[in-house]
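The values are calculated or read from the model by the stated rules, or taken from the named source; none is laboratory data. Fair warning: this is a prediction, and the values are worked out from it, not measured in the lab. Cβ coordinates were reconstructed from backbone atoms using ideal geometry, including for glycine residues, and neighbour counts include every protein chain displayed.
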Amino acid sequence: MKWKKDIYENVRSGIVELLVLHLLRERDMYGYELRNTLAKRTNHAFDLKDVALYGPLYRMNSRGLVSSHRELVGERRFRVYYHIEEAGQKYLDYGEEQIQLVFSGIMNLFTWNEEEEHPETPESE
């Protein structure tokens, strides 16, 4: 069913940046490490393919939210580590506020009980 993929992508698309920035707030990480940590800490709700991780990383890098640096691993292999910048910290702070507001509103809607809002009153005699 095509709509399942649409919902899956729409729900997760804007959140990935915030989740990655949240992890980078702890320490610099390389892509594979970010992907595995994100999957583990979200109980695999965000088990991303490379393109779903690197696309947001490249966009955040171009917007100055993160920076990257290469470190030599072994004799010839490099890892690219990502680092959250001050602009990324501010972006994350605002994003976390908005996520909490949005999810709180969604949960209110999903659990809304009309009877609690307008309890029936006994008819007067």
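Table for the structure above
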read-out	value
Total residues in the range 7-23, condition surrounded by 10 or more Cβ atoms within 10 Å (Cβ to Cβ), part of a helix (DSSP H, G or I) and modelled with pLDDT under 80	5
Among residues of the range 59-90, those that are under 14 Å from G14 (Cα atoms) and in contact with a strand residue (DSSP E or B) (Cβ under 9 Å, 6 or more places away or on another chain), counted	1
All positions within the range 1-32 that are closer than 20 Å to L92 by Cα and of a type outside the set (A, V, I, L, M, F, W, C)	N10, R12, S13, G14, E17, H22, R25, E26, R27, D28, Y30, G31
Hits in the range 24-67 - residues which are in a loop (DSSP other than H, G, I, E, B) and under 12 Å from the mean Cα position of the chain (by Cα)	T42, A45, F46, D47, L48
Candidate set from the range 24-56 (those that are of a type in the set (A, V, I, L, M, F, W, C) and surrounded by fewer than 18 Cβ atoms within 10 Å (Cβ to Cβ)); member that is nearest to I99 (Cα to Cα)	A45
